[in-house]
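Any read-out appearing in this document is the output of simple, stated calculations on the displayed coordinates, not a laboratory observation. Small disclaimer: the values here were computed from a predicted structure and weren't measured. Because the Cβ atoms are built from the backbone with ideal geometry, glycine has one as well, and the counts that use them run over all protein chains shown.
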Amino acid sequence: MRTQKISIELSKADFVQIFKACEDRAARLDALQHQSQDEDVVADAGNDLIEINMIKRSLKAKADETWGASGWTTSEEFL
């Protein structure tokens, strides 16, 4: 349940690592949802994917507010 909150302070580098972990998790859930033959697994993966995407959206909004939309990236390519 999302009623209790915690606050933490992160460096940009730490934030990016957490955001990348969320991206990785979302990718695994998406693959699981499309590959599993078990309806319960597909449903659970879909629900978890919705949740992780909500978390990513919230994290992105906070990062954009703090560092600007172009002030952070999860890309490993050179700028």
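Here are some notes:
- The chain - percent relative contact order, Cα under 8 Å, separation 6 or more: 31 percent
- Per-residue Karplus couplings for segment 54-65, computed as 6.51 cos²θ - 1.76 cosθ + 1.60 with θ equal to phi - 60°, are listed in order as 5, 5, 4, 4, 5, 4, 4, 4, 5, 5, 4, 5 Hz, Gly and Pro entered as x.
- Here the chain is scanned for GluC sites (Glu not before Pro) in DSSP loops (not H, G, I, E, B) that have at most 12 other Cβ atoms within 10 Å, and the longest stretch holding none of them is 10-75.
- If you wrap the Cα atoms of segment 26-69 in a convex hull and average its projected area over all directions, you get 3.0 nm².
- Kirkwood radius for the chain, taken over all pairs of different Cα atoms as the inverse mean of 1/r, rounds to 14.1 Å.
- Per-residue [θ]222 nm for the chain (sum of -39500 (n - 2.57) over DSSP H runs n ≥ 4, rounded to 500): -24000 deg cm²/dmol
- Estimated FRET transfer efficiency (Lys62, Ala31; beta-carbon r; R0 30 Å; 0.05): 0.65
- Förster radius 25 Å - calculated FRET efficiency between Ser70 and Asp48, Cβ distance, rounded to 0.05: 0.25
- Within the straight-line cut-off of under 16 Å between alpha carbons, the aspartates and glutamates reachable from Lys60 are Glu9, Asp14, Glu23, Asp24, Glu51, sequence neighbours fewer than 8 places apart in one chain being disregarded.
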